[in-house]
Structures are given as C-alpha cells and as structure tokens.
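The values are calculated or read from the model by the stated rules, or taken from the named source; none is laboratory data. Not measured: the values here are computed from a predicted model. Note: ideal-geometry Cβ built from the backbone for every residue, glycine included; neighbour counts use all protein chains shown. Note: areas computed on protein heavy atoms with side chains; ligands, DNA, RNA excluded. Shrake-Rupley method; radii C 1.70, N 1.55, O 1.52, S 1.80 Å.
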Amino acid sequence: MAKLSDLRKLVDAARASMPAAAPKRAAKTVAPVRHAPRRAHAARNADGDIDLAQAFSDVRRLPPGTRAKHAPLRPPPIPKQRIADDQEALIASKYGAEPAPETWDVGQEHEAGQTFLRRGLGSDILRKLRRGHWSVQGEIDLHGHTIDEAHDALSDFIADAVQRGYRCVRAIHGKGLTSPNREPVLKGRVRLWLSHWDEVLAYCEAPQHAGGGGAVLILLRGK
C-alpha cells in the first residue's frame with residue numbers, strides 16, 4: 001500500500017503543474033441613476049401641498065408684445081335725471097299739472113270756452129262728446145308752435161280730418177305752464193278758431209285722462 005507521505009507528494013506535484021489562477025476582480029458597483037422629478041410629482045411641502053414656486057421654477061415670462069394698447073373709449077354720460085325732469089315738465093304742460101275738475105259737466109262749466117255747440121244742435125251732443133260716445137280718430141299737438149304756425153297747422157289738420165271722414169279728433173294746445181308768466185297762449189285762440197270754422201259742430205274740454213284743460217275734443221261734420 002502506498003504510504004500517506006507518497007500521496008501527499010503526488011497532490012503537491014499536481015498542484016505545482018497547474019497554471020496560476022488569475023486573481024478575482026472585485027465586483028463593480030453601479031451607482032443608481034437619478035432621474036429629474038416630473039412636474040406632476042413636484043416637491044411637496046411639509047403639509048402635503050405642492051410647492052408651486054419649485055414646480056414652476058423653470059417658467060420664464062414671455063417678452064412684451066409690440067402691439068399698441070388702446071384704452072376703450074368711455075361712452076358719453078347720459079343725464080337721465082334731467083331727461084326725466086324735462087319729460088315730466090312736457091307732460092305737465094301738455095295735460096296740465098292741475099287739470100280741470102272732473103265733476104263739472106255740460107251746463108256746469110267753470111270758465112268760458114270749455115264747450116261750444118253749433119246753433120241748432122241738441123245739448124245731448126256735448127254730453128256724448130265729453131263722455132266718449134265718439135272715439136278719437138286723430139290728434140294734433142300744437143306745442144312749440146307760434147300763433148300763426150298753430151293756426152295754419154290746426155286748419156290743415158281739420159280739413160284733412162274731414163276729407164278722411166273723421167267725426168271726432170283731439171287738439172292739444174297745453175295749459176301754458178312753460179309760457180312766460182305761466183299764462184296760456186294758444187288755449188283761448190284755438191277754441192276761438194274752432195268756433196269760427198263751419199267744419200266744427202261742437203267741441204268740449206277733454207276729460208282729465210284725455211288731456212283735461214290742455215286739450216279739446218272736436219266733433220266734425222260728416223262728408
């Protein structure tokens with residue numbers, strides 16, 4: 001049997017005959033790659049809210065444009081209160097601030113010229129005229145006219161109304177509230193003219209709702 005010492009010699013000889021092994025290299029450690037955080041996952045504050053200043057830190061202001069800036073023009077001021085006051089004054093001058101009392105009736109006139117009836121006609125015509133038996137088919141407003149202008153305008157209006165077959169019309173002469181000394185200029189003259197024209201059968205001062213002392217209802221001859 002081989003001796004133990006011989007076996008050791010054989011092992012040592014075998015090891016000596018083998019080429020020397022290359023030393024092992026140390027494993028290379030790769031550092032982890034850090035990616036820039038996406039804006040959707042921006043840094044958060046301690047209370048959990050997104051830090052907007054950090055999230056939009058790379059945002060830059062756009063350069064100013066080259067277009068000229070024009071301020072919008074303001075509309076001219078509208079004096080609404082003055083317009084309302086003028087309108088109120090016009091209505092007052094047209095229909096009268098204190099119209100004739102409603103209680104008066106034909107035969108109970110408070111002043112001359114409130115009614116006119118052509119001779120030969122029954123007094124019931126005036127009552128019917130004042131109470132609206134005939135509907136008003138035409139109207140003329142004489143505000144702003146001089147005496148001569150008012151005469152010509154009223155004359156033409158009456159002639160045209162008769163030509164059209166109108167039976168009842170209204171003439172607005174006003175109460176003179178805007179005239180000097182607040183005295184009516186056209187009121188008496190209009191009523192005088194009407195009484196001299198054959199086309200007019202009758203007239204009466206209009207009721208309060210239709211002009212009061214500032215207007216007359218006129219009954220015309222039929223064609």
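Could you run the Karplus curve 6.51 cos²θ - 1.76 cosθ + 1.60 with θ = phi - 60° over the range 192-200 and give me ³J(HN,Hα) per residue in whole Hz, x for Gly and Pro?
5, 4, 4, 5, 9, 9, 5, 5, 9
Order 216-223, 73-80 from most to least packed using the mean count of other Cβ atoms within 10 Å.
216-223, 73-80
Please give the contour-minus-distance gain from Arg189 to Ile83: 0.36 nm per residue of separation, less the Cα-Cα distance, rounded to one decimal in nm.
35.1 nm
At a 1.4 Å probe radius, carbon and sulfur cover how many percent of the accessible area of the range 117-223?
Details: 2490 of 5550 Å².
Carbon and sulfur together cover 45 percent of it.
Between Leu121 and Gln208, what is 0.36 nm times their sequence separation minus the Cα-Cα distance? Round to one decimal in nm.
Length difference between fully extended and current span is 28.8 nm.
Between Lys69 and Gln54, what length in nm is gained on full extension when 0.36 nm per residue of separation is reduced by their alpha carbon distance?
2.1 nm
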